[in-house]
Amino acid sequence: MTQIQTPRQPNIVAGPRGIGARSAGGAYSADAQQDLIDTDSFQAGPIELSGTTDVINPQGGGNYIVKTGQANAMTLAAPRVGIDDGVVISVFSDTLFAHTITCPAAIIAAGVAVKTVITFPAFKGGGVTLRAYNGTWQIIGQGFTANGLA
């Protein structure tokens with residue numbers, strides 16, 4: 001069981017792009033930058049996951065890329081009702097494994113009965129974008145191939 005997260009800080013010259021790539025903040029404080037990232041996860045530099053049981057932070061937006069050399073059984077806690085509403089998390093795979101995200105209860109809303117587990121297709125680019133609202137994670141985007149839900 002491993003948990004390895006490697007944040008890549010935005011940098012305009014070397015990449016990746018994202019909030020803070022051009023400066024250390026300028027007119028935007030670090031808190032203001034995080035507010036932008038919390039509601040649009042793609043504004044952040046990618047956080048590379050290379051463990052086999054990574055835990056995703058449910059209380060702040062994040063742009064996660066799974067780099068694990070085998071299936072990664074990730075976990076994601078429930079968002080706090082009201083407090084975390086609007087937080088957006090994106091998790092996409094850069095490997096050929098069927099990664100999973102498991103929540104502690106049926107809190108994944110996808111237009112069907114709420115679910116507990118998201119299973120990525122075993123292809124690069126498989127993944128999901130989730131938005132917190134009212135104690136659930138709403139699926140607001142996914143890779144071209146549909147994710148499995150259980």
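The values are calculated or read from the model by the stated rules, or taken from the named source; none is laboratory data. What you see is a predicted model, and the numbers here were worked out from it, not measured in a lab. FYI the Cβ positions are ideal-geometry reconstructions off the backbone, even for glycines, and counts take in every protein chain you see.
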Going through segment 91-130 one residue at a time, which ones are in a strand (DSSP E or B) and aromatic (Phe, Trp, Tyr)?
Phe92
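Let's see how each residue does on (1) surrounded by fewer than 23 Cβ atoms within 10 Å (Cβ to Cβ); (2) hydrophobic (A, V, I, L, M, F, W, C):
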{"site": "Gly61", "(1), (2)": "no, no"}
{"site": "Thr68", "(1), (2)": "yes, no"}
{"site": "Ala71", "(1), (2)": "yes, yes"}
{"site": "Pro79", "(1), (2)": "no, no"}
{"site": "Gly86", "(1), (2)": "yes, no"}
{"site": "Phe92", "(1), (2)": "yes, yes"}
{"site": "Thr95", "(1), (2)": "yes, no"}
{"site": "Ile101", "(1), (2)": "no, yes"}
{"site": "Pro104", "(1), (2)": "yes, no"}
Answer with yes or no whether Ile37 is hydrophobic (A, V, I, L, M, F, W, C), over 17 Å from Ile139 (Cβ atoms) and at pLDDT below 85.
yes
Restricting to segment 70-90, name every residue that is of a type outside the set (Gly, Ala, Ser) and not in a loop (DSSP other than H, G, I, E, B).
Met74, Thr75, Leu76, Val88, Ile89
Does segment 143-150 contain any residue that is assigned to a strand (DSSP E or B), modelled with pLDDT under 95 and farther than 20 Å from Phe42 by Cβ?
yes
Residue within segment 122-143 that is polar (S, T, N, Q) and without any contact (Cβ under 8 Å) to a residue 24 or more places away in the chain present:
yes
